[in-house]
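Student: If you scroll down you'll find the structure; I have some questions about it.
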Amino acid sequence: MARLLFECVDGEGNRVLFETSEKEGKELVASYEASKKWLLDNGFTLAKAPSSKPASRSKEKVLFDGQHCPRCNGAVWDNRTQKREDSSKRRWPDFSCKDKDGCQWAVWPGQYELTGQGS
């Protein structure tokens, strides 16, 4: 059993969520076009899905020196060597703020560019 969820905008610009009742997969797929047509016929505009580009490519890279957090200016952990030497740590960010409770800043490969002496 599953449901369809449509994110729409009404004629006044309000965001509206429509959810169908639970149906079996084949029945749900068969009713998709009819549900979409009903929403459009009744004045709703379907919201478009966000871009499928990875976030690291669609955002500007963070520029920082590799030593100071760009958010709070505190010290950062440089995890790159540990990631290379221990495959169990490959999901770690390359850099993360040492203030894990307050700041929580972190970047992964492709999301940053080092500047100055930290490079």
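Student: Leaving out same-chain residues fewer than 8 places away, which lysines sit with a Cα under 27 Å from that of residue 100?
Tutor: Residue 100 reaches 59, 61, 83, 89.
Student: With Rg and Dmax of the Cα atoms in Å in mind, check (i) 22.6, 61; (ii) 15.1, 52; (iii) 20.8, 64 and report the label derived from this structure.
Tutor: (i)
Student: Moving on. Please state the charge dipole magnitude for region 55-118, taken about the Cα centre, from unit charges on C-beta atoms (+1 on K and R, -1 on D and E), reported in debye and rounded to the nearest 20. Write out the running numbers ahead of the final one.
Tutor: Values: 12 positive and 9 negative charges, 58 e Å.
Here region 55-118 has a charge dipole of around 280 debye.
Student: Can I ask one more? Compute the helix-to-body angle for 25-41: its Cα long axis versus the longest principal axis of the chain, expressed 0 to 90° and rounded to tens.
Tutor: Orientation of helix 25-41: about 80 degrees from the principal axis.
Student: Let me ask something else. Run down the lysines and flag those whose C-alpha is under 24 Å from the C-alpha of residue 36, throwing out any fewer than 8 positions away in its chain.
Tutor: Reachable lysines: 23, 26, 48.
No lab work stands behind these numbers, since they all come straight from the coordinates. A quick note: this is a predicted structure, and the numbers were derived from the prediction, not measured. Glycine gets a Cβ as well: all are built from the backbone with ideal geometry, and neighbour counts include every protein chain shown.
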